[in-house]
Structure formats: structure tokens, C-alpha cells
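Notes for the one structure printed next.
The values are calculated or read from the model by the stated rules, or taken from the named source; none is laboratory data. Fair warning: this is a prediction, and the values are worked out from it, not measured in the lab. We place every Cβ from the backbone using ideal geometry, glycine too, and count neighbours over all the protein chains shown. The area values use the complete protein model at the heavy-atom level, side chains included, leaving out ligands, DNA and RNA. Shrake-Rupley method; radii C 1.70, N 1.55, O 1.52, S 1.80 Å.
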Amino acid sequence: MDDNDPYVVAIDGPGGSGKGSLALRIAKNLGFHLLDSGAIYRLAALKALHQGIDLEQEAGVVSALQNLDIRFEIGEELSIPYLDGQDVSTEIRQESTADAASIIARYAGVRKHLLGWQQACFQAPGLVADGRDMGTVVFPQARFKFFLSASVEIRAVRRYKQLIGMGISANIDKLQAEISERDERDRNRTESPLIPATDALIVDSSLLNLEQVAELVMSHIEETIENRSW
Ligand code: C5P
């Protein structure tokens, strides 16, 4: 492996652990592309919902994804998701969409369908990818793997602030219950469950802010590159 070869930084963890903001920060620091794989699952779920598909039926959901038309318009601070040519930035962030995403994310057929799309995002000069299975399944060859964790109480507060900031109303207790339910579903599914890769660095972000986590992650990357331990 050469120093200048493009590489992947995988950042996995449960919802609200701060991996999205961290991934954006690290991608900017390294000048890399960014993959928010959760957004792909949310768009797939929206597609099925728009078509009135019963989310409990894997075959129906998989067939709705056959003509999935998704793209992201990358802006300075945020990227705008489009589904079938429509801007769905607000709809994609609703908790109901997150729930639907975690329901269809259990299906092997759905995950297989979305795998190539995610892997195609790995292009020079490199990629920072965040999700649940970036380090375990989608990019097992990632040069750096991080797994972000944080207590459910803290994640609910973070998600609350994020939603309010986007003008979406929310209730902390309800959010906490919904996040716990999604965690349970994501951790206990058979296909690509939410677990740290064996070679991931686990970072508990409960008591750290974004700057502190980003500093820790960047120091690890820079020190490893300096010591060239691959
Ligand atoms: O990260 P985000 O909250 O947007 O993800 C929504 C849902 O999509 C998760 O609860 C999870 O079930 C699913 N997901 C997944 N694999 C990924 C990213 C997201 O199963 N790599």
C-alpha cells in the first residue's frame, strides 16, 4: 500500500452518536468524498413509502427499489438529497423516515441492492463513510475504522437539538424511546448488525464535543500515517 493510495475512513455507530457531523468534519479535513449511508437507507425507505408498499414485505420493498432514482447535490455545508427528482431534505430527516429505514434495513435483498451504490462512492482522493456496517461489510478494507458510541440519553438530546435546528418539532422522551427501539432492531438483526469491526477504534463521545472527537480521530489518523503501520 502506498501513502498516496486513496483510502476509506469508516465511521460506524448508533443514531445520534455524532458520526454524521464527525464524518463531515473529517472529510473536509482530509479533502475526501463523504458517504452518509444512512441517507441511502432513508431514501430507499421513502421510495417504498411513496409507493404505498407494506414495509413488512421484503419482496415488495425490494421490487420498489429496482428503479431507485437518487442523487445528492453537494453544497458548502450540507448535501441536498433528491428522490425521483424531488428535493426531500426535510422528509428524509423525519423520525418516521428513520424508523422506516431501520425496518427495511433488516432485509438482505435491500442491503444487497444498495451495496454497489455505496461502494461506488469510493473514489480518489478517498472517502469518509458513515453508517452501521461501513467497517464490517461495505468497506472491510478501510484503512481506518472508528466506532462511535454515546449513552442513549445523550443521543436523544443531540437528536432533539438537530431536529429543532432544522425546524422539525420533537419531544425528548419520545425520541429516546424511538432511538432505543431502532438500536435494538439494528443490533439484533441477522444482516449486517450494528457491531464494531474487530479492528475498529471505539470512541465514547458521551462526554466529548465534536471538536474533541474530531481532534482525537485526526490525531489517530495522522499518527498512524506518520508511523506507516500498514
Ligand atoms: O444513520 P441514520 O439514522 O440515518 O440511519 C437510519 C437507519 O438506516 C438506521 O437505523 C439503520 O437501520 C439503517 N442503516 C443501516 N446501515 C447503514 C446506515 C443506516 O442499516 N450503513
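Some points to look at:
- Sulfur and carbon atoms: percent of accessible area, segment 7-217 [1.4 Å]: 52 percent
- Segment 7-217, accessible area per residue, ligands and nucleic acids excluded (1.4 Å, Å²): 46 Å²
- Phi angles of segment 153-165 translate, via the Karplus equation with coefficients 6.51, -1.76, 1.60 and θ = phi - 60°, into HN-Hα couplings of 4, 5, 5, 5, 5, 4, 5, 4, 5, 4, 5, 4, x Hz per residue; Gly and Pro are given as x.
- Spatially proximal aspartates and glutamates relative to K174 (Cα-Cα < 12 Å; intrachain offsets below 8 disregarded): E95, E153
- Shape category assigned to segment 79-225 from the gyration tensor of Cα positions, a/c cut at 1.5: rounded
- Of all lysines in the structure, those lying under 19 Å Cα to Cα from K28, and not within fewer than 8 positions of it along the same chain, are K19, K145.
- Residues whose amide H comes within less than 5 Å of that of D204, counting only those at least five positions distant or on another chain, are S149 (H built at 1.01 Å from N in the peptide plane).
- In this structure, the amide hydrogen of K145, modeled 1.01 Å from its nitrogen in the peptide plane, lies closer than 5 angstrom to those of A10, L201, counting only residues at least 5 positions away or on a different chain.
- Note on segment 109-149 and segment 40-87: Cα centroid distance 18 Å, given to the nearest whole angstrom.
- 3J(HN,Hα) from dihedral phi, segment 20-35, Karplus parametrisation 6.51/-1.76/1.60, rounded to Hz, x for glycine, proline: x, 5, 5, 4, 4, 5, 5, 4, 5, 4, 8, x, 9, 6, 10, 10
- Only Lys, Arg (+1) and Asp, Glu (-1) charged, at Cβ; the chain dipole about Cα centre in debye: 260 debye
- For K47, the lysines whose Cα comes closer than 17 Å to its Cα, not counting residues fewer than 8 places off in the same chain, are K112.
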